[in-house]
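Before any comments, here is the structure.
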Amino acid sequence: MNLRELIALAKGEGASDLHLEPSLAPVLRVRGSLRSVGGAALAPAVLEWAREMIGPDHWPEFVERRSFDLSRSIEGLRCRINILQSSRGVGFAIRLLQPFSRRSKA
């Protein structure tokens with residue numbers, strides 16, 4: 001699975017968070033409970049997703065700080081993304097933000 005497919009899966013499962021680390025299965029947080037899904041994420045793929053997401057202009061900042069925060073709309077869902085360097089390699093902590101529902105005025 002690629003990153004977009006994982007986010008789509010997380011969205012479909014009603015997850016609030018998606019956690020990715022190399023050599024571990026992706027983890028969803030659904031109603032406060034953590035649940036592994038699928039096979040282990042491969043380090044080269046996760047690193048490539050991070051490089052694409054951060055971009056070449058900001059990559060040196062990530063290398064120096066070992067962490068990078070951003071937000072993106074992916075699969076129609078606003079996501080807050082932290083890309084981090086862990087003991088296993090480059091990983092992701094992604095918060096899937098629920099759409100803002102506007103109340104109609106009476």
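The values are calculated or read from the model by the stated rules, or taken from the named source; none is laboratory data. None of the values given here were measured: they were computed from a predicted structure. Neighbour counts run over all protein chains shown; Cβ positions are idealised from the backbone, glycine included. These area figures cover heavy atoms from the full protein model, side chains too; ligands, DNA and RNA do not enter into them. Shrake-Rupley method; radii C 1.70, N 1.55, O 1.52, S 1.80 Å.
Among residues of the range 36-54 that are touching a residue at least 60 places away in the same chain (Cβ under 8 Å), none has a beta-carbon under 9 Å from a residue that is in a helix (DSSP H, G or I) and open to solvent by less than 40 Å² (accessible area, probe 1.4 Å) at least six positions away or on a different chain. All of I74, I83 fail the test of being modelled with pLDDT of 95 or more and either basic (K, R) or touching a helix residue (DSSP H, G or I) at 6+ places or on another chain (Cβ under 6 Å) (or both), apart from I83. Within the range 58-99, the set of residues being in contact (Cβ under 8 Å) with a residue 24 or more places away in the chain, within 22 Å of L24 (Cα to Cα) and either assigned to a helix (DSSP H, G or I) or within 13 Å of the chain's Cα centre (by Cα) (or both) comprises C79, I81, I83, V90, G91, F92, A93, I94, R95, L96. Among the residues of the range 33-40, is any surrounded by 15 or more Cβ atoms within 10 Å (Cβ to Cβ), β-branched (V, I, T), in contact with a strand residue (DSSP E or B) (Cβ under 7 Å, 6 or more places away or on another chain) and more than 12 Å from F92 (Cα to Cα)? Among the residues of the range 33-40, at least one is surrounded by 15 or more Cβ atoms within 10 Å (Cβ to Cβ), β-branched (V, I, T), in contact with a strand residue (DSSP E or B) (Cβ under 7 Å, 6 or more places away or on another chain) and more than 12 Å from F92 (Cα to Cα), which makes the answer yes.
Answer yes or no: is there a residue in the range 42-53 that is assigned to a strand (DSSP E or B) and either out of contact with any Ser or Thr (no Cβ under 9 Å at 6 or more places or on another chain) or of a type outside the set (V, I, T) (or both). Spell out the reasoning first.
So in the range 42-53, the residues assigned to a strand (DSSP E or B) come out as none.
Taking every residue of the range 42-53 in turn, none turns out to be assigned to a strand (DSSP E or B) and either out of contact with any Ser or Thr (no Cβ under 9 Å at 6 or more places or on another chain) or of a type outside the set (V, I, T) (or both).
Return the residues of the range 41-58 that are open to solvent by less than 90 Å² (accessible area, probe 1.4 Å) and over 24 Å from E5 (Cβ atoms); say none if nothing qualifies. If the condition is that a residue be open to solvent by less than 90 Å² (accessible area, probe 1.4 Å) and over 24 Å from E5 (Cβ atoms), then H58 is the only one that fits.
Kindly evaluate S104 against the criterion of being modelled with pLDDT of 95 or more and of a type in the set (G, A, S). Criteria not met by S104. Residues in the range 16-40 that are over 17 Å from N2 (Cβ atoms) and out of contact with any Ser or Thr (no Cβ under 9 Å at 6 or more places or on another chain): S16, D17, S23, S33, L34, R35, S36. Restricting attention to the range 6-21, and to residues there that are in a helix (DSSP H, G or I) and either under 11 Å from the mean Cα position of the chain (by Cα) or of a type in the set (A, V, I, L, M, F, W, C) (or both), which single residue is surrounded by the most Cβ atoms within 10 Å (Cβ to Cβ)? Selected residue: A10.
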